[in-house]
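Notes to accompany the following structure.
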Amino acid sequence: MKKVLCLLLSVAMVLSLAACGGSSAPAASTETQAAAEAPAAAKKDYKIALVGGETSSEWYMRVEKCINDYREETGINATFNGPATSDPTETVSLIKDLISQKVDALIINVDCQDAVEPALKDAREAGILVISTEGTGMTNRDYDVEPCDNKYYGEYMMQGLAKQMGEKGKYVVMVGDLTSTSHNAWADAAIAYQKENYPDMELIDERLESQVNAEVAYERAKEILKKYPDLGGILGCSSFDPLGASKAIKELGLDCKTFGNGTMLTDEEVLKDGTLEAITFWDPGLTAKATCNLAVMILDNGGKGDGVVKNGMDLGYEGYDNCTVDGVCIYGNALVYGTVDNFDEYPF
Amino acid sequence: MNKIKKLLSLPESFCLLITIVLFIVIQLRSGQFFTSNNITDLLASYTVPGIMAMGSLIVFISGGLDISFPALCSLGGFITLTVFKDFTGSVIIPFLFCSLVCGLLGMFNGVIIAKFRFAPLIVTLATEALFWGILHGILRAREISVLPACFEKLQDSVIWVATNPETGISSQLPGVFLIFVGVVILSSLLLRKTVYGRKLFAVGGNPSAAENVGINVFWIRVSAYIISGITAGIACLCRSMIIGNYHPNALYGYEYNVISMVVLGGCSLSGGRGSVIGTIFGVILIQTMNLSLTLMNVPTYWQKFCTGVIMIIGISYSAYRTMKSSQTLSGVMNKTDDKVKEVK
């Protein structure tokens, strides 16, 4: 009996793992359908797999939805694959699975970038085209597509914060993770921009870490506000920072502004009750679609980007129609200023 | 003098001692510890881990271990928030429903462990994966940023508002703090004043002896997991209300935090020993430390390091005390053996 139950438990564990990877399983069946429907476009019969972050976040759900739309619109066999949690090992094994499935192109849009590098090296050695998005610091990839460059994003956030703060006062920067390449690049650019353009603003030199969690962001914001009650602004780089910080400001009854990276659904309540004035973000689904187009363009060109990737290139979507190329990085210009007025346009 | 010595030898007192030292250090470094608003913030932050720690404590006392509770309550919480999406009645009903769901999930854990005598670590590791799997794979859980209307009243309720006269900052103690107080009082009564509580200690201390005196060891064990499930479920709803947002992964990894609080509070990992008051000290110590490092000017990079050091000191001290007390115990037993021999 004990053995039977042991077996049952392990089966349950395996099943739950399978359930976690559930997003890729149904996609596989539609894959074959799409391929069957478009036999004429034999040239376009590419397998493109996008690896994203945790499937429970609205952000990656948006990516998943747009990838599914892309597959329907174009007939190109593109799939979304994401781990159930932010555990890097899960993402790595996902990539290895995709390598053994012999996809033509891998698009990588993950937070745990260092952890996936070795797996990406294997992928490239297996002849797979690897394109990263939101990963300028990565090395094992052929190209990288960004909604905008990190410097521009940081400057954009600083402009927004400075406008709300009246270009004066103390401010502090919060990042999701002290090891996050993108968050820290934005923060650095924002700070550099402030030093150059807003002399009346003063940086409190402590980089707070919210662990990409609203509760932690809230606690950290409360602490820093206690230490500096005259703080005028909090710049949030992770998408949970503005929510946590504005909750803290509201509770403490202070006049401090928050601006930064957010998403409409996460910040719905605070945007609608006026605690948070605005957030900024890009549409990750649009980035994903544009990146798929890039992959197709390169694959059409025999897997080589030479001649295809150039300044002013058009990836076929708004904000990505006139891209800047710097080395292997391709930058669009696709930022959104989200307020309560354009809330309904971005349902993620 | 002997009384003081005895008091100091309790595992709880050590935890209290470090806590007091920590308070003083924070006060000296920041000058802001003993302000009404800071204390209010800290009290509010004890709510979620505190409620969970009570359930964990009861499982530990019964000789078990539960690491699945964050997954369990994220699942139970998601189901509750989804079912009561448009519900406008009393807030008690979703709480009861969540307790029921989480209690059943806890019972699932308990029955497997108690019936087949599997190692609780392995079973709850498996069920943890199972619960996360159901939550993400089958239910496709997503973030809920606007809670059901029935929660609104409790969510907005405030016990008191403390304002710091110097800085003008005000902090609120949310109404859900009372739930924490209630859970603590109930756990304390349960463990100290009821027959059931004594049975829990008996089963955790020596299961075969407990069986011999006619205690239903199976049900006592199962009930401990049910209680752990219920407290975790309540904590999950409280957390959602405090921050106004439910995220399926928000409690991921929370078990380590809670277990270390319980162990620091002098609870024995092998069962049969532990107290509510010690656990509360553990909660206060770890949570205060987590939340005061910025106040103390500890750079973010070093905060995890500091947490680790204090935990090593605390846990090794409790382990040392346990070792010492078991040595004295075996010493006493040896002496009794000698006496028996003498009599013979």
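Please treat every number below as a calculation from the coordinates, not as lab data. None of these values were measured; they are calculated from a predicted model. Reconstructed Cβ throughout: ideal geometry from the backbone, glycine too, with neighbour counts over all protein chains shown.
Some values worked out for this structure:
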quantity: Segment A:150-281, relative contact order [Cα under 8 Å, separation at least 6], %; calculated: 26 percent
quantity: Part-to-part distance (alpha-carbon centres) for segment B:68-127 and segment B:192-239, which is given in Å; calculated: 17 Å
quantity: Kyte-Doolittle at least 1.6, axis length at least 15 Å by Cα - qualifying DSSP helices, chain A; calculated: A:2-20
quantity: For B:GLY274, distant residues with modelled amide H under 5 Å away; calculated: B:SER268
quantity: Residue-averaged beta-carbon neighbours from other chains (10 angstrom radius) around A:239-248; calculated: 2
quantity: GNM result for chain B, Cα springs below 10 Å: residue of B:GLY77, B:GLY282, B:GLY308 fluctuating most strongly; calculated: B:GLY308
quantity: If the convex hull is drawn through the Cα atoms of the protein assembly as shown, its volume per residue in Å³; calculated: 180 Å³
quantity: Amide proton proximity set for A:LYS257, modelled H, under 5 Å, gap of 5+; calculated: A:GLY233, A:ILE234
quantity: Cβ-based exposure ranking for B:VAL48, B:VAL21, B:VAL83, in which fewest neighbours within 10 Å come first; calculated: B:VAL21, B:VAL83, B:VAL48
quantity: Selected from B:VAL283, B:VAL101, B:VAL91 as most flexible by GNM, with chain B as the system and alpha-carbon contacts under 10 Å; calculated: B:VAL91
quantity: Average other protein chain Cβ within 10 Å of Cβ, residues B:141-149; calculated: 4
quantity: Among A:GLY53, A:GLY303, A:GLY244: highest mean-square fluctuation, GNM of chain A, C-alpha pairs under 10 Å; calculated: A:GLY303
quantity: Phi-based couplings in Hz for segment B:192-208 (Karplus 6.51, -1.76, 1.60; Gly and Pro marked x); calculated: 9, 10, 10, 4, 4, x, 5, 4, 4, 4, 5, 5, x, x, 7, x, 6
quantity: Prolate/oblate/rounded call for segment B:231-312, Cα gyration tensor, a/c under 1.5 rounded; calculated: oblate
quantity: Average partner coverage of B:245-252, which counts Cβ from other chains inside 10 Å; calculated: 6
quantity: Whole-Å distance, taken between Cα centres, linking segment A:236-281 and segment A:103-147; calculated: 32 Å
quantity: Subset of A:LYS195/A:LYS222; A:LYS250/B:LYS85; A:LYS47/B:LYS85; A:LYS170/A:LYS310 violating a 30 Å alpha-carbon distance limit; calculated: A:LYS47/B:LYS85; A:LYS170/A:LYS310
quantity: Lone cysteines, chain B (no partner Cβ under 4.7 Å); calculated: B:CYS15, B:CYS98, B:CYS102, B:CYS150, B:CYS238, B:CYS267, B:CYS306
quantity: Peptides ranked, highest mean first, by Cβ atoms within 10 Å: ranges B:297-307, A:245-255, A:121-131; calculated: A:245-255, A:121-131, B:297-307
quantity: Antiparallel bridges, percent of DSSP beta bridges restricted to the protein assembly as shown (to nearest 5); calculated: 25 percent
quantity: Rounded, prolate or oblate (a/c below 1.5 giving rounded, otherwise prolate when a/b exceeds b/c) for segment B:2-343 by Cα gyration tensor; calculated: oblate
quantity: Integer Hz, Karplus 6.51/-1.76/1.60 couplings in order for segment B:78-95, x for Gly and Pro; calculated: 5, 4, 4, 5, 6, 5, 9, 3, 10, 6, 10, x, 5, 6, 5, 5, x, 5
quantity: Cα gyration tensor, segment A:150-281 - rounded (a/c under 1.5), prolate or oblate; calculated: rounded
quantity: Over segment A:169-208, relative contact order from alpha-carbon pairs under 8 Å, at least 6 apart, %; calculated: 64 percent
quantity: Cross-link reach list, aspartates and glutamates versus A:LYS226, counting only Cα pairs under 20 Å and skipping chain neighbours closer than eight places; calculated: A:GLU202, A:ASP205, A:GLU206, A:GLU209, A:GLU215, A:ASP241, A:GLU251, A:ASP255, B:ASP41, B:GLU166
quantity: Mean separation of Cα contacts under 8 Å (6+ apart) over length of segment B:2-343, as relative contact order %; calculated: 32 percent
